[in-house]
1. Quick check on my filter: what residues within the range 13-30 are in a helix (DSSP H, G or I) and more than 17 Å from the chain's Cα centre (by Cα)?
2. How many residues, within the range 48-59, are surrounded by 10 or more Cβ atoms within 10 Å (Cβ to Cβ) and either under 16 Å from the mean Cα position of the chain (by Cα) or not in a helix (DSSP H, G or I) (or both)?
3. Only residues in the range 27-41 that are under 21 Å from residue 16 (Cβ atoms) count as the first member; pair them with residues that are assigned to a helix (DSSP H, G or I) and of a type outside the set (Asp, Glu), Cβ under 7 angstrom, at least 6 apart or cross-chain, and list the lot.
4. Condition test on residue 45, is it part of a helix (DSSP H, G or I) and at pLDDT 90 or above?
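The values are calculated or read from the model by the stated rules, or taken from the named source; none is laboratory data. Predicted model, so just to flag it, every value in this text is computed and none were measured. Ideal geometry is used to build each Cβ from the backbone, glycine not excepted, and the neighbour counts take in all protein chains shown.
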Amino acid sequence: MGLGAGSIAIIALVALLIFGPKKLPELGKAAGNTLREFKHATKGLADEEDDKKKDNNKA
C-alpha cells in the first residue's frame, strides 16, 4: 500500500495551494535539513550502541 503517482500529485497540488510557490522551496529545504539532522543523530546513537557491545564482549 504505497503512494501512487496520482496520490503524490494531489499532495503536491494541495501543498502548493496551501503554502504558495514562494514558500514551498523553503519548506522543502527545512524538511531536508531536519531529515539530515535526524539521520546524523540516529547514526550517532547506533555507533554508541555498537561501541557498548564491543566493550561488553571484551570484558
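1. Quick first cut of the range 13-30, residues in a helix (DSSP H, G or I) only: 13-19, 24-30.
Hits for the range 13-30 are 13, 14, 15, 16, 17, 18, 19.
2. 0
3. That search, which allows pairs on different chains as well, returns 27/19.
4. On the way: part of a helix (DSSP H, G or I): yes; at pLDDT 90 or above: no.
So residue 45 does not fit the description; no.
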